[in-house]
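Undergrad: Take a look at this one; I'll ask things after.
Read the figures in this text as sums done on the coordinates, not as results from a lab. Only a predicted model underlies this, so the values are computations on that prediction, with no experimental measurement involved. Positions of Cβ are generated from backbone atoms using ideal geometry, with glycine treated the same way; all protein chains shown enter the neighbour counts.
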Protein chains: 2
Amino acid sequence: MSEPKLTDRKKKVLQALIDSYINDAQPISSSAIQKEYLPDVSPATIRSELSMLEEMGFLTQPHISSGRVPSSKAYKYYVENLLGNQDISSENIKQVVSQKFDSVQEIVKDSAKIISDITNYTSMLMITSADNITIKEIKMIDMYDNTALVLIVTDNGVVKNKQIDLPIDTQENYIEVASGLLRKAFVGKTLAEVTNNDRCLDKELEDFRSLFEQVIEFVMDFKHSTEDQLYVEGTEKIFEYPEGKEVDNIKNFMSVISHKEKLHGLLEGEGDIEYSIKIGSDDAKELENMALVCAKYNINGKEVGHVGILGPERMDYKKVLGVLKELGIVFQDNDKNKKD
Amino acid sequence: MSEPKLTDRKKKVLQALIDSYINDAQPISSSAIQKEYLPDVSPATIRSELSMLEEMGFLTQPHISSGRVPSSKAYKYYVENLLGNQDISSENIKQVVSQKFDSVQEIVKDSAKIISDITNYTSMLMITSADNITIKEIKMIDMYDNTALVLIVTDNGVVKNKQIDLPIDTQENYIEVASGLLRKAFVGKTLAEVTNNDRCLDKELEDFRSLFEQVIEFVMDFKHSTEDQLYVEGTEKIFEYPEGKEVDNIKNFMSVISHKEKLHGLLEGEGDIEYSIKIGSDDAKELENMALVCAKYNINGKEVGHVGILGPERMDYKKVLGVLKELGIVFQDNDKNKKD
DNA sequence: TCTTAGCAGTCGAGGGTGGCGAGTGCTAAC
DNA sequence: GTTAGCACTCGCCACCCTCGACTGCTAAGA
């Protein structure tokens with residue numbers, strides 16, 4: 001999107017208006033801007049600026065005799081051009097990093113809580129991108145009755161297992177042979193490779209067709225169950241804002257946070273971007289009156305998922321980005337690797 | 001609570017009123033009851049019954065010239081005395097039972113979804129009391145490097161695994177020996193027995209001390225990760241009812257489903273009861289305008305957790321209990337093992 | 001050409017009023 | 001014990017009015 005050219009004063013007016021609206025969610029009048037932000041010019045001047053900004057699509061008026069309210073476009077311009085330094089008082093955020101955790105889940109859960117507490121918005125952490133996980137080892141183990149267990153060890157240290165029914169007339173060494181075949185077929189492959197490939201089996205493997213099918217299905221399940229893990233914290237934050245007084249807003253809000261599939265798409269975004277900010281229903285129809293700040297989430301330098309912060313459109317972007325930066329999620333350089 | 005003595009006609013009036021209110025959430029007038037439920041008596045008669053029922057605390061009037069609305073007390077009387085047979089058309093509920101699952105989590109998640117879909121209320125499943133889960137099989141498997149995998153199969157069909165570091169100087173048959181020892185020590189024990197016991201190892205087992213410690217720790221982790229897990233399905237169902245138009249109700253609702261600790265107390269109830277129905281803020285202050293039907297949840301005859309169905313106070317108790325019954329969660333005999 | 005004071009115009013919010021209708025409670029008669 | 005009749009209550013809605021917060025426009029001033 002080519003960014004519109006605004007005069008300095010228009011920028012000031014726009015910034016004042018957005019800052020003010022982020023604060024108290026009230027339409028702002030020309031005289032209010034004059035009093036608090038631009039005492040050097042008269043309200044009339046500001047009015048003419050406002051009407052131009054409105055023409056350009058940055059502002060809307062709830063009704064003709066009310067003040068102005070920023071549009072989604074305005075927020076986008078704001079985060080791209082008007083946001084100053086997002087340093088926040090480095091509170092006790094770092095505590096997360098210093099702790100010791102027993103599982104990715106725990107880190108992620110704690111992070112979500114902290115992010116939500118500090119920003120005062122709802123935070124979501126989703127463990128995604130299971131595509132690149134590779135299978136390091138695969139084993140088949142005889143269990144009991146006619147059941148065997150297939151074990152998969154991945155390169156990020158996760159072991160997953162699945163019970164599988166054996167054919168009734170198995171030979172002595174079935175398990176061993178099958179185990180070898182599985183290893184040959186799957187070790188070193190990524191989950192994506194395993195699940196996408198429609199591999200055709202050699203004739204000699206015909207006996208193991210059912211087994212292979214079961215294993216591939218298992219890998220798919222594994223991929224899905226890993227991808228889908230979602231931690232939401234601070235669900236009730238929405239009620240702290242005037243937006244939470246509107247049932248429709250709450251409904252939208254709940255719909256976003258409780259549909260994993262949709263959320264997945266929203267959080268991951270497209271391409272290889274570090275973070276993105278989605279504002280309003282233009283960016284995603286679910287996000288009416290809301291904004292979602294998304295970023296990749298890394299642990300030990302490995303990308304494990306995505307974090308999202310969900311709030312009203314007039315979210316305090318400065319604070320949110322500040323927190324993400326502090327947590328090392330979003331980097332200093334704002335304008336690289338970024339997409340609206 | 002000593003249940004009040006009501007005449008047959010009062011019961012009929014009360015039942016008519018509650019049935020009607022469950023249907024459309026509108027205050028009911030004497031003439032409406034007369035028309036649809038009791039055409040043999042005049043509205044005036046019903047009015048006098050109504051005013052007596054109100055005096056007894058079963059009904060309230062939103063305002064003096066409106067119809068009546070059932071009180072929490074009425075719902076309680078209703079579920080205890082007026083609820084007929086809760087058989088519902090046995091839909092495809094049983095499908096859950098026939099499937100094979102690899103973890104309690106999966107079973108529970110699916111059940112929650114199904115319960116919510118069929119009842120059209122929000123369902124919550126909490127896995128509690130992992131204490132009684134017994135270990136059915138334990139195996140140790142050589143993996144790679146210096147790592148082995150310990151597998152635990154429990155009696156409810158769940159397999160859990162953990163990677164364990166081996167001592168550096170293992171003998172040839174270490175795995176086999178260890179596997180046998182583990183089996184001897186743990187198979188048949190409940191998780192509680194394993195984790196509580198401060199077992200002192202025989203001297204001869206000294207070599208395996210570290211292994212045993214790791215395994216016991218693993219069992220503890222397993223127990224903890226299993227306990228307290230909460231699955232909520234159908235969060236958005238509340239919006240399908242007029243109660244979901246009130247922000248305060250939604251707020252309460254969200255507060256109930258997002259605070260695990262509170263929910264824990266609510267779902268578990270006190271003592272050894274099969275199920276309980278909590279209605280309104282008298283039963284639990286969080287439950288204003290809401291009702292929560294709770295029951296123990298068993299898998300293969302073993303209690304693994306509790307299920308809760310959360311909806312408006314004027315919930316369709318018949319349907320809810322019918323579904324629980326169909327799923328084998330609540331038993332035929334309503335009046336045994338029951339509490340408030 | 002940009003800025004500003006002045007002024008008319010717009011419209012939402014809030015408050016008061018009055019009629020309608022759905023229900024009730026009471027009473028007296030059956 | 002039941003019922004018809006009737007007076008009464010009160011929420012709802014539509015209407016109207018005023019107030020005041022802003023605006024856009026215009027014409028004069030820098």
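Undergrad: Mind scanning A:K109/B:K260; A:K189/B:K160; A:K260/B:K325 and naming the pairs with a C-alpha gap bigger than 19 Å?
TA: A:K189/B:K160; A:K260/B:K325
Undergrad: At a 10 Å Cβ-Cβ cut-off, how would you order A:K76, B:K260, B:K73, fewest neighbours first?
TA: B:K260, B:K73, A:K76
Undergrad: Classify region A:8-82 as rounded, prolate or oblate, taking a ≥ b ≥ c as the square roots of the eigenvalues of its Cα gyration tensor: rounded when a/c is under 1.5, otherwise prolate if a/b is larger than b/c and oblate if not.
TA: rounded
Undergrad: Go through A:207-216, B:310-319 and give me the packing order, highest mean Cβ count within 10 Å leading.
TA: Packing proxy ranking, top to bottom: B:310-319, A:207-216.
Undergrad: I'd like the mean, over residues of A:260-269, of how many other protein chain beta carbons sit within 10 Å of each residue's own Cβ.
TA: 0
Undergrad: About its Cα centre, how strong a charge dipole does region A:249-290 have in debye, to the nearest 20, once Lys and Arg get +1 and Asp and Glu get -1 at the Cβ?
TA: Computed about the Cα centre, the dipole is about 320 debye.
Undergrad: For each of A:E80, B:E240, count neighbouring Cβ atoms within 10 Å of the residue's Cβ, then give the residues from fewest to most.
TA: Fewest-to-most ranking of A:E80, B:E240: B:E240, A:E80.
Undergrad: How well do other chains shield peptide B:217-225, expressed as the mean number of their Cβ atoms within 10 Å of each residue Cβ?
TA: Taking all residues of B:217-225 together, the mean is 1.
Undergrad: So if each residue of separation counts as 0.36 nm, and I subtract the Cα-Cα distance between A:R183 and A:S255, what length gain in nm does that give?
TA: Fully extending the segment from A:R183 to A:S255 adds 21.7 nm.
Undergrad: Label points 7 Å out from Cα along the Cβ direction at A:N132 and B:E236: separation in nm?
TA: 3.2
Undergrad: Take peptides B:163-175, A:172-184 and line them up by average Cβ neighbours within 10 Å, highest first, as a rough protection proxy.
TA: A:172-184, B:163-175
Undergrad: Would you mind getting me the FRET efficiency between B:M56 and B:A25? Use the beta-carbon distance for r and R0 = 22 Å, nearest 0.05.
TA: Working from the Cβ atoms, E equals 0.45.
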